[in-house]
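See below for the structure under consideration.
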Amino acid sequence: MNQLLSQLKSQDKKMWRMSRNFRVFYWIMIPVYTFLLVLYPSDDVVIIERLGGGCFVLSFVVFAVLFSKNAREFKTIDYSQPSVQMLESAVKRYRLWKPELAWALFAILFIDAGMVLMRIPRAESDSLLMIILNVQYVLVPLITGSFVVGIIWWYVKHKPLRDHALHLLNALKE
Amino acid sequence: MINKEEQFKQIVKDNEERVRRICRYYSNCNEESKDMYQEILINIWKSLDSYRGEAAISTWIYRIAINTSLSMSGKTFKQLKFRVDMDMQHLGSLIDDNGAEQKKLLEKQLDRMQTQINQLTIIDKALISLLLEGLSSKEIANVVGLTEPNVRVKIHRIKESLRKSFGSGDLEQGQTSENELP
């Protein structure tokens, strides 16, 4: 019992540290990036670049909120709920499409816009359309690749859990 | 103010036998039983922060125990064997609450009963384990999150299925359990 207790306490401590470090990282990085990309006093940086930097910072904030929400959701799995409720939460937690993903897409759009805006002052001869297309050449394969990896990850890791919870839930409710 | 560690120790101390009994329902060897017991303790620890005292501690413990067993992978769970001890006081409630003779008869058929129970689905096993713990339909409903009539229907179906599987009339006599449908 004492051995188990010390393991549990160290696990709790580890989780708490991870969550704290994560928060500290974001709350330091967000102002640092805001200063470097948006507020940095330099005549070389034009307003459109600062707007691009603002887009990056905004995407950073959205991802920070999403990650901490996600971490909290997985950390607080409550086994003391009635079984039906616990299984419904599990089905919800492990489904493929979540409303948060829409926010992630929103953040990706900010990154896209940020990359385009930051390129504009440096691309002397390219038209705006060419700049947008050039950014998409890089970003679209990256995002598509990330989504494919995410779907494979979900299929292998989360779908079996969701299916199992769904099966139990249907068996309980039938 | 009692800290989390003390509260945990107290809950485990007060409910140790209850948790071990639930584990024994599903495990036919000591190692499996110990693993499940450990898993339940871990989940008690994790859920302790959210315990508000709204439910009775026994209901809270049963929820964690049942949810822990449901959370195990389907394959692992199917391998678990439901075990009924000879001295279980509530065994008779599966078929009949009345009559010592019938209970004796039932105990003689224990092995057969265990085999039949092991054919049940995961959910049915969970409901049976709570019934064998002596919980009423209302308490079972509170643990699993279904309505009381729904639990009564399910238990009735399980009993019917067990009776059919037994295929003999000796378990059918004079059955008016508290969980029986009117």
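The values are calculated or read from the model by the stated rules, or taken from the named source; none is laboratory data. Bear in mind the structure is a predicted one, so any value in this text is a computation, not a measurement. Don't worry about glycine lacking a Cβ; one is built from the backbone with ideal geometry, like all the others, and counts go over all protein chains shown. Areas reflect the complete protein model, heavy atoms only, side chains present, ligands, DNA and RNA absent. Shrake-Rupley method; radii C 1.70, N 1.55, O 1.52, S 1.80 Å.
Of everything in region A:57-92 that's at the interface with chain B (Cβ under 8 Å from one of its Cβ atoms) and hydroxyl-bearing (Ser, Thr, Tyr), which residue is most open to solvent (accessible area, probe 1.4 Å)?
Of everything passing the filter in region A:57-92, A:THR76 is most open to solvent (accessible area, probe 1.4 Å).
Between B:SER129, B:SER136, which is open to solvent by 20 Å² or more (accessible area, probe 1.4 Å), under 13 Å from the mean Cα position of the chain (by Cα) and at pLDDT 80 or above?
When all the criteria are applied, what remains is B:SER136.
Suppose we filter region B:114-126 for residues that are in a loop (DSSP other than H, G, I, E, B), open to solvent by 30 Å² or more (accessible area, probe 1.4 Å) and within 11 Å of chain A (Cβ to nearest Cβ); how many remain?
Residues flagged as in a loop (DSSP other than H, G, I, E, B), open to solvent by 30 Å² or more (accessible area, probe 1.4 Å) and within 11 Å of chain A (Cβ to nearest Cβ) within region B:114-126 amount to 1.
Does any residue of region A:149-168 turn out to be farther than 30 Å from A:LEU36 by Cα, without any contact (Cβ under 8 Å) to a residue 40 or more places away in the chain, surrounded by 15 or more Cβ atoms within 10 Å (Cβ to Cβ) and within 14 Å of another protein chain (Cβ to nearest Cβ)?
yes
Scanning for something at pLDDT 85 or above, at the interface with chain A (Cβ under 8 Å from one of its Cβ atoms) and buried (at least 17 other Cβ atoms within 10 Å of the Cβ), does region B:34-41 turn up at least one residue?
Yes, the conditions are met somewhere in region B:34-41.
Confirm whether A:PHE35 is part of a helix (DSSP H, G or I), under 21 Å from A:TRP153 (Cα atoms) and of a type in the set (Phe, Trp, Tyr).
The answer is no for A:PHE35.
Contact list please: Cβ distance under 7 Å, first residue in region A:16-42 and more than 14 Å from A:ALA64 (Cα to Cα), second residue at pLDDT 80 or above and not in a loop (DSSP other than H, G, I, E, B), pairs at least six apart or on different chains.
From residues that are more than 14 Å from A:ALA64 (Cα to Cα), the pairs are A:THR34/A:VAL57; A:LEU37/A:GLY53; A:LEU37/A:PHE56; A:LEU37/A:VAL57; A:VAL38/A:ARG50; A:VAL38/A:GLY53; A:VAL38/A:GLY54; A:VAL38/A:VAL57.
Residues that are of a type outside the set (D, E, K, R) and under 25 Å from B:LYS46 (Cβ atoms): which helices (runs of 4 or more DSSP H) entirely in region A:56-174 hold 3 or more of them?
Correct list: A:83-93, A:159-173.
Considering only region B:146-156, how many residues are surrounded by 20 or more Cβ atoms within 10 Å (Cβ to Cβ) and not in a helix (DSSP H, G or I)?
So the count comes out to 1.
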